[in-house]
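Novice: Once you've had a glance at the structure underneath, I'll fire off some questions.
The values are calculated or read from the model by the stated rules, or taken from the named source; none is laboratory data. No experiment lies behind these values; they were computed from the predicted model shown. Virtual Cβ from ideal backbone geometry, glycine too; neighbours counted across all protein chains shown.
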Amino acid sequence: MKRSILLISGLLATGIVLAQTATPPPATQGDHGERMRNRMQERMDAKFAESDSNHDGSISQSEWQSARLREANEHFQRMDTNRDGKLTRTEADQAFNNRMDGREHKRGDRGDRLRALDKDGDQQLTRAEIGNDMPRLAADFDRLDSNRDGKLSRDEIRAGRTPRDGR
């Protein structure tokens, strides 16, 4: 339990610091990058405001610890499906599997979107097929098209993934 709280605290601390000190995304990310940055900033602002219980514009150590404890308790409550105040290995495994299923679902959605764009069914995407439907993919087209044939294959798209893609 202590390890989870420390992990959550560390991640949130990193997020708050990054949100307050982050530089704007590179111009190549365009509107998508700006929207993502704005959403992250809004979440961090909300977390900060929620943690600042006395509304003095700063977070004391006790406010920080209280906020992290609340989040850890909420997380525990979500995982404790039988509401007995204890986590079994089965409940922990189920929570893990639910999280992984959510990630798989997101990947599936992207694959479905890519298949829908492939109008001629050749399992490759041209600039015309991508159009404005996937702006990041369109912006990265030249970088991803490693064989310079004017089409993106599944392998080219996979090879061009960056760590921020998370897929």
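Novice: In the stretch 122-137, what residues are surrounded by 14 or more Cβ atoms within 10 Å (Cβ to Cβ) and in contact with a Ser or Thr (Cβ under 8 Å, 6 or more places away or on another chain)?
Specialist: Gln124
Novice: Quick check: anything in the stretch 66-76 more than 24 Å from Asn98 (Cα to Cα) and outside any loop (DSSP other than H, G, I, E, B)?
Specialist: yes
Novice: If you don't mind, another one. Could you please tell me which pairs satisfy a Cβ distance under 9 Å, a separation of 6+ or placement on different chains, a first residue in the stretch 30-51 that is touching a residue at least 12 places away in the same chain (Cβ under 8 Å), and a second residue that is among the hydroxyl-bearing types (Ser, Thr, Tyr)?
Specialist: Note: pairs meeting the criteria are Ser51/Ser66.
Novice: What residue, of Arg148, Arg143, is in a helix (DSSP H, G or I), modelled with pLDDT of 85 or more and surrounded by fewer than 12 Cβ atoms within 10 Å (Cβ to Cβ)?
Specialist: After ruling out the rest, the residue left standing is Arg143.
Novice: I've got another one for you. Need pairs with beta-carbon distance below 7 Å; first residue small (Gly, Ala, Ser) and within the stretch 91-102, second at pLDDT 85 or above; sequence gap 6+ or separate chains.
Specialist: Ala92/Met79; Ala95/Met79
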